[in-house]
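Following: one structure in structure tokens, then a few remarks.
The values are calculated or read from the model by the stated rules, or taken from the named source; none is laboratory data. On a predicted model such as this, the values are computed, not experimentally measured, just so you know. All Cβ positions, glycine included, derive from the backbone under ideal geometry; neighbour counts span all protein chains shown. Note: accessible area is taken over every heavy atom of the protein model, side chains too, but ligands, DNA and RNA are not part of it. Shrake-Rupley method; radii C 1.70, N 1.55, O 1.52, S 1.80 Å.
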Amino acid sequence: MSKRMAATVAPSPLIISDTTLRDGAQMPGVHFSIDDKVAIAQALETAGVDVIEAGFPAGGAGEIEAVRQVAAATTRPLVMALCRAVSADVDAAWQALGDTPAERRGVGVFLATSPLHRRHKLGKTKAQCLAMIASAVAYARERFARVTFGCEDGSRTEPAFLREAYVAAMDAGATAIGFPDTVGVLTPETARRRIAMLVRLAHPRGVKVRAHFHNDLGLATANTLAAIAAGADIVHLTVGGIGERAGNAALEETVMALTLHPGQYRRTIGVDTTRLTALCRLVAECAGYTLPPNKAVTGANVFATAAGVHQDGLLKHPDTYLPFRPELV
């Protein structure tokens, strides 16, 4: 495509999927009550998030009730539940979301596919994994119109087997495929190549591609932006970047990067940036941690300076040393 043709292509929608209530809740030391989850879900809806991954119903009755209440307390976002590739997990998700309107409920099914996980965690052959994927996705599609399949530890899965796994899921009825960098080892260059490969595999079949990055190398947001540039349709994010180990790609960072660089990414999003600071503060309060003052986008120091040269410039014109105006967030 020529530069002139590219400039005339209309921006395409990007689906913002928040997993604060599921992956974010796996941050060590964090325990969200049901009331916390409902309050955060309502704030996410107000902010304009498209999808809320509300929890892992197979975790027990309390988790089922939390997912149920999140779905009942919101009216617009799609509410997703996470399931392992076993029928019992799908049944638990149905207990949680069965009363939710069909267009507002979905499940994300996952199975570990890397050699490490196949050998040491699952004790399964490639053929057995493919059979489990096909069976679980087909079973989920009997009740849910929206079914995403993700290869856990996808970033360390052989590319050829990764393709086989996703083809098995799509053949069984998956409406989206999710690529998780489960241990956060990718760089933006490799993330872009992996997502581009999956886009070529999925888009001709009308299947969406979702990206999910962890922050173990401090690259989760950068990898997410690389995935968006490669054509990902859905991005998995958490408020404040909370989550397992070093956390996940941060909602506020990704949203602001897209907002400040519309010509680069050419994607439209429905998130209200003026809600981001309050959202980060709410999640921090519910999670029981203090928002770091140097937190990108929403930290207390983002618009503060101690350097005389910077202060002089700010007094003469605020944009001299500000990445964006405070009122934007």
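Descriptive notes on the structure:
- Relative to the current alpha-carbon distance between Gln128 and Arg76, full extension at 0.36 nm per residue lengthens the span by 14.9 nm.
- Dmax and Rg, reported as Rg then Dmax, of the chain (C-alpha, Å): 20.0, 67
- Sites matching trypsin sites (Lys or Arg not before Pro) across the range 46-120 that sit in DSSP coil, with at most 11 neighbouring C-beta atoms within 10 Å: none
- Taking each DSSP H run with n ≥ 4 as -39500 (n - 2.57) and averaging over every residue of the chain yields -12500 deg cm²/dmol at 222 nm.
- Gain on full stretching of the segment that runs from Ala102 to Tyr289 - 0.36 nm per residue minus C-alpha separation: 63.7 nm
- Pairwise centroid distance, computed over Cα atoms, of the range 208-276 with the range 120-167, Å: 24 Å
- Remark on the range 79-236: hydrodynamic radius 15.5 angstrom, per the Kirkwood mean of 1/r across alpha carbon pairs.
- Long pairs among Lys124/Lys208; Lys37/Lys126; Lys121/Lys208, criterion Cα-Cα beyond 32 Å: Lys37/Lys126
- Peptides 131-142, 259-270, 212-223 ordered by average Cβ neighbours within 10 Å, highest first: 212-223, 131-142, 259-270
- Ala145/Asn301 FRET efficiency (R0 45 Å; Cβ-Cβ; nearest 0.05): 0.50
- Helix 61-73 and the longest principal axis of the C-alpha atoms of the chain enclose an angle of approximately 60°.
- Heavy-atom accessible surface of the range 97-187: percent carbon and sulfur, 1.4 Å: 54 percent
- Area accessible to solvent at Val38, 1.4 Å probe radius, in Å²: 20 Å²
- Evaluated at q = 0.16 Å⁻¹, the base-10 log of the normalised Debye intensity for the range 8-156, with identical point scatterers placed on the Cα atoms, takes the values -0.87.
- Count Lys and Arg as plus one, Asp and Glu as minus one, and take only other residues whose Cβ is under 14 Å from that of Gln128; the net charge is then +4.
- Start at zero, step by 10 Å, and the Cα-Cα distances of the range 176-306 spread as 13, 41, 34, 11, 2, 0 percent across the bins.
- The slack between Phe324 and Arg200, meaning 0.36 nm per residue of separation minus the straight C-alpha distance, is 41.1 nm.
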